[in-house]
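Participant: A single structure is presented below for examination.
The values are calculated or read from the model by the stated rules, or taken from the named source; none is laboratory data. Since the structure is predicted, the reported quantities are computational estimates derived from the model, not experimental observations. We place every Cβ from the backbone using ideal geometry, glycine too, and count neighbours over all the protein chains shown.
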Amino acid sequence: MTPYLDGGFLLTLLVKTGGTATANRLLRGQAPFDINFLHQLQAENLLIELQHAESTGRQVAGSEGMRLWRHYLSEGIFQLTPADWESGFRHAIQWNSQSVGAPALPLLILHPALAFTAGAREFLSFDPRSRAVAKAAGLRILPERL
């Protein structure tokens, strides 16, 4: 399996959500996972946002998520790898222009494009819009059902 985790899927590994158990089940024993700087920005942005939330529960979730994030990076579970940004953006722009109807949001097109460019075989996402783009690009979508 050569997985590419979209930003939302990655975040379910750091902050407990309804998809966390599914994400953990799908990825059990598959580490390490290649991630790029877009993943890092999305993860750290959300975790810092949560740490500054008014709700104590959200603050705790942000702090715990940041602890996990740092642990996963230091242990090599997540490995920051270079992305071919130019090819990824070119694919995203092309797919955006070919969209029938309103296109997905840019990040929901860019992650599948980066997965395609990186040669990933599986695209892991809980977002139907991003999953549709990845499926059209020929990637296997996981989980198979939402």
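Participant: Looking at this structure, is Phe89 farther than 28 Å from Leu50 by Cβ, touching a His at 6+ places or on another chain (Cβ under 8 Å), surrounded by 16 or more Cβ atoms within 10 Å (Cβ to Cβ) and in contact (Cβ under 8 Å) with a residue 24 or more places away in the chain? Reasoning before the result, please.
Facilitator: Working: farther than 28 Å from Leu50 by Cβ: yes; touching a His at 6+ places or on another chain (Cβ under 8 Å): no; surrounded by 16 or more Cβ atoms within 10 Å (Cβ to Cβ): yes; in contact (Cβ under 8 Å) with a residue 24 or more places away in the chain: yes.
Spelling it out, it is not the case that Phe89 is farther than 28 Å from Leu50 by Cβ, touching a His at 6+ places or on another chain (Cβ under 8 Å), surrounded by 16 or more Cβ atoms within 10 Å (Cβ to Cβ) and in contact (Cβ under 8 Å) with a residue 24 or more places away in the chain.
Participant: Being within 17 Å of Ser130 (Cα to Cα) and acidic (Asp, Glu) is the requirement here; does Asp6 meet it? If you could, list the steps in order and put the result at the bottom.
Facilitator: Working: within 17 Å of Ser130 (Cα to Cα): yes; acidic (Asp, Glu): yes.
Criteria met by Asp6.
Participant: List the helices (runs of 4 or more DSSP H) inside region 1-69, counting only whole elements, that have at least 2 residues being of a type in the set (A, V, I, L, M), in contact (Cβ under 8 Å) with a residue 24 or more places away in the chain and more than 18 Å from Leu114 (Cβ to Cβ). Lay out the reasoning, then the answer.
Facilitator: On the way: elements: 7-12, 20-27, 37-51.
By residue number, 20-27, 37-51.
Participant: Anything in region 43-72 that is crowded, with 20+ Cβ neighbours inside 10 Å and among the hydrophobic types (A, V, I, L, M, F, W, C)? List them, or say none. Break it down stepwise before answering.
Facilitator: Narrowing region 43-72 to residues crowded, with 20+ Cβ neighbours inside 10 Å: 43, 46-47, 50, 61-62, 65, 69, 72.
The answer is Ala43, Leu46, Leu47, Leu50, Ala61, Trp69.
Participant: Next up: Could you tell me whether any residue of region 107-119 is within 14 Å of the chain's Cα centre (by Cα) and assigned to a loop (DSSP other than H, G, I, E, B)?
Facilitator: No, every residue in region 107-119 fails to be within 14 Å of the chain's Cα centre (by Cα) and assigned to a loop (DSSP other than H, G, I, E, B).
Table: residues versus (1) of a type in the set (S, T, N, Q); (2) over 17 Å from Phe123 (Cα atoms); (3) at pLDDT 95 or above.
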residue	(1), (2), (3)
Gly18	no, yes, no
Asp34	no, no, yes
Leu50	no, yes, yes
Ser63	yes, yes, yes
Glu75	no, yes, yes
Arg90	no, yes, yes
Gln98	yes, yes, no
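Participant: Can you tell me which residues in region 105-119 are over 12 Å from His39 (Cβ atoms) and crowded, with 17+ Cβ neighbours inside 10 Å?
Facilitator: Those that are over 12 Å from His39 (Cβ atoms) and crowded, with 17+ Cβ neighbours inside 10 Å: Leu108, Ile109, Pro112, Ala113, Phe116, Thr117.
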